[in-house]
1. Which order do you get for ILE14, ILE86 if you rank them by accessible area with a 1.4 Å probe, largest at the top?
2. For an R0 of 30 angstrom, estimate the FRET efficiency from the Cβ-Cβ distance between LYS59 and ALA4 and round to the nearest 0.05.
3. Remind me, relative contact order of the chain in percent, using alpha carbon pairs under 8 angstrom and six or more residues apart?
4. Report the label-to-label distance for GLU25 and TYR13 in nanometres (one decimal), using points 7 Å from each Cα along the Cα→Cβ vector.
5. P(r) tail for region 4-43, what percent of Cα pairs lie past 12 Å?
6. Using the Cα atoms as the points, what is the convex hull volume per residue of the chain in Å³?
7. Please enumerate, by chain and number, the lysines with C-alpha under 22 Å from the C-alpha of LYS85, excluding those fewer than 8 residues away in the same chain.
8. Please calculate how many Å² of accessible area the chain carries per residue, with a 1.4 Å probe and no DNA, RNA or ligand atoms counted.
Amino acid sequence: NSNAASAVLSNSYIKFILMIQKGYELLDKYGLSPEEIDEVKNLTSVRKKYSEVFIKFNKHAQVLRIQPNKCDYWICTTDPADETKINNIKKKNPNISDVQLLQYLMEDKA
């Protein structure tokens, strides 16, 4: 609701919108048409496989599917089950380095 927020929105030519659970009514403030808002509502994600993202550049819009490799997945995950897995490995191996932990997770030994 601030002037700064309005300025940022009106001067942002590229918009990335990830899957959201609520707040669709605010998307028109980002310059999305009703059809584009429907596309955002239909974004999907399959854990450890892919996530879709809505991208709008000026008047061009596209839904892209991001499929991370194992390394990217484990670096970027925020899934609570993954966090539990990581913390359990760290508890069992208190001296494990971040690189060793990542290798362990990528080899799916956990």
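1. ILE14, ILE86
2. Efficiency, from the Cβ-Cβ distance: 0.75.
3. 19
4. Each label point lies 7 Å from its Cα, and together they span 3.3 nm.
5. When all Cα pairs of region 4-43 are counted, 58 percent exceed 12 Å.
6. Considering the Cα atoms of the chain, their hull volume per residue is 144 Å³.
7. Within reach: LYS48, LYS49, LYS70, LYS109.
8. Numbers: 8230 Å² over 110 residues.
With the other protein chains kept in place, the chain gives 75 Å² per residue.
The values are calculated or read from the model by the stated rules, or taken from the named source; none is laboratory data. All figures in this text were calculated on a predicted structure; none of them were measured in a lab. Note that we place each Cβ from the backbone using ideal geometry, even for glycine, and neighbour counts take in every protein chain shown. Protein only, heavy atoms only, side chains kept; ligands, DNA and RNA dropped before computing areas. Shrake-Rupley method; radii C 1.70, N 1.55, O 1.52, S 1.80 Å.
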